[in-house]
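**Student:** Below is one structure. I have some questions about it.
The values are calculated or read from the model by the stated rules, or taken from the named source; none is laboratory data. Small disclaimer: the values here were computed from a predicted structure and weren't measured. No Cβ is skipped: glycine too gets one built from the backbone with ideal geometry, and neighbour counts run over all protein chains shown.
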Amino acid sequence: MTLPECYKILNLSPGAAWADVRRSYHALALKFHPDRNLGDPECEERFKQVSSAFRILKGHYAALGERDVLETPYAAPDPFSWPSGSPRAEGNAGAPGTLKSRATGLWLQVQQWERRLFELDVELRVNITPAIALNGGTIKVRRSRETFDVRVPRGAREGSLLRLPGKGDAGVLHAGRGDLLIRLQVVAPSKPDPWEQDSRLEVYLDKRDIRQRRVFSLNTREGEILYTLPVTTRDGQEFILLGKPHPITGTRTRFAVVVRVV
């Protein structure tokens, strides 16, 4: 199921806010829940589509670092909260399907309570290089005896949060596991990249061009740098030129230029 299809199933425009996604999901889940539409296969199928679309979008927004996603635990529609006058609220209290759905709902509540109480969701801080943050890529994350391949999206930023469902701590009352949350930290590598390597260069310039304030060009590994010099520039005088800022860290290379006047 693609993201556009998920938005369409939830009656939303692509890129809708997370609050709108959550609100639309709860409304549709309540409308098509099988306990509220007994024996209706179309409603049951629609409910499955709505639930799948919501799970996919939830993972999508979590990968984008949407903090509200983490603060909003997944909650299935509560079968005990149907409005008065509905088929589930009146006349079916003793039906076998009702007792089964109530037991299922109670068990889901116990699982959510256990997940919050024992903090089954685990957060790890993982360092990535500026190159990975800029271009994206796959990193290996190790926790205890497990190693996971984690896909970092292109353009990740400091503090971005990635979620691995079912990779957290195991519960006590049930076999389900919480989620593993990867908090990204952009750290410069120990070996400096080209933006962090200072350089010392010699340039030979005509004194007439200097006096006329001509614009000179310096070709570097980071691209072309344009500059002018004071008319009082002397032979052997040194100037500092700054390169382009690094797209992630903002670091700028310092080029020490020694001018040879000819």
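**Student:** Identify, from the list ALA27, ALA16, the residue that is part of a loop (DSSP other than H, G, I, E, B) and surrounded by 13 or more Cβ atoms within 10 Å (Cβ to Cβ).
**Tutor:** Details: ALA27 fails: part of a loop (DSSP other than H, G, I, E, B).
Exactly one residue qualifies, and that residue is ALA16.
**Student:** Name the residue, out of VAL50, VAL110, VAL69, that is in a helix (DSSP H, G or I), modelled with pLDDT of 85 or more and aliphatic (A, V, I, L, M). Can you show your working first?
**Tutor:** Details: VAL110 fails: modelled with pLDDT of 85 or more; VAL69 fails: modelled with pLDDT of 85 or more.
None of the other options fit; the residue is VAL50.
**Student:** Say whether the condition of being within 13 Å of the chain's Cα centre (by Cα), at pLDDT 75 or above and of a type in the set (S, T, N, Q) is met by at least one residue in segment 135-158.
**Tutor:** Looking for residues that are within 13 Å of the chain's Cα centre (by Cα), at pLDDT 75 or above and of a type in the set (S, T, N, Q), one finds none in segment 135-158, hence no.
**Student:** Further, regarding this structure: Restricting the search to segment 148-172, which residues are among the small types (Gly, Ala, Ser) and outside any strand (DSSP E or B)? It would help to see each step written out before you state the result.
**Tutor:** Initial filter on segment 148-172 (among the small types (Gly, Ala, Ser)): 155-156, 159-160, 166, 168, 170-171.
Correct list: GLY155, ALA156, GLY159, SER160, GLY166, GLY168, GLY171.
**Student:** List every residue pair whose Cβ atoms sit under 6 Å apart, with the two residues 6 or more apart in sequence or on different chains, where the first one lies in segment 48-66 and is more than 15 Å from SER24 (Cα to Cα) and the second, anywhere, is of a type in the set (Gly, Ala, Ser) and at pLDDT 85 or above.
**Tutor:** Once the first residue is more than 15 Å from SER24 (Cα to Cα) and sits in segment 48-66, its partners that are of a type in the set (Gly, Ala, Ser) and at pLDDT 85 or above give GLY65/SER160.
**Student:** If you take the residues of segment 208-224 that are part of a strand (DSSP E or B) and exposed (fewer than 15 other Cβ atoms within 10 Å of the Cβ), which of them is nearest to the chain's Cα centre (by Cα)? First the steps, then the outcome.
**Tutor:** Here is the first cut: in segment 208-224, the residues part of a strand (DSSP E or B) are 216-220, 223-224.
In the following step, the residues that additionally are exposed (fewer than 15 other Cβ atoms within 10 Å of the Cβ) were identified as 217, 219, 223-224.
On the way: SER217: 40, ASN219: 37, GLY223: 31, GLU224: 34 Å.
Looking at the filtered set, the residue picked out is GLY223.
**Student:** Counting only residues that are assigned to a loop (DSSP other than H, G, I, E, B) and surrounded by 12 or more Cβ atoms within 10 Å (Cβ to Cβ), how many does segment 1-13 have?
**Tutor:** Residues in segment 1-13 being assigned to a loop (DSSP other than H, G, I, E, B) and surrounded by 12 or more Cβ atoms within 10 Å (Cβ to Cβ): 4 in total.
**Student:** Select from segment 159-180 the residues that are modelled with pLDDT of 80 or more and over 17 Å from GLU146 (Cβ atoms) and write down the one among them that is farthest from the chain's Cα centre (by Cα).
**Tutor:** Checked segment 159-180; the qualifying residue farthest from the chain's Cα centre (by Cα) is GLY159.
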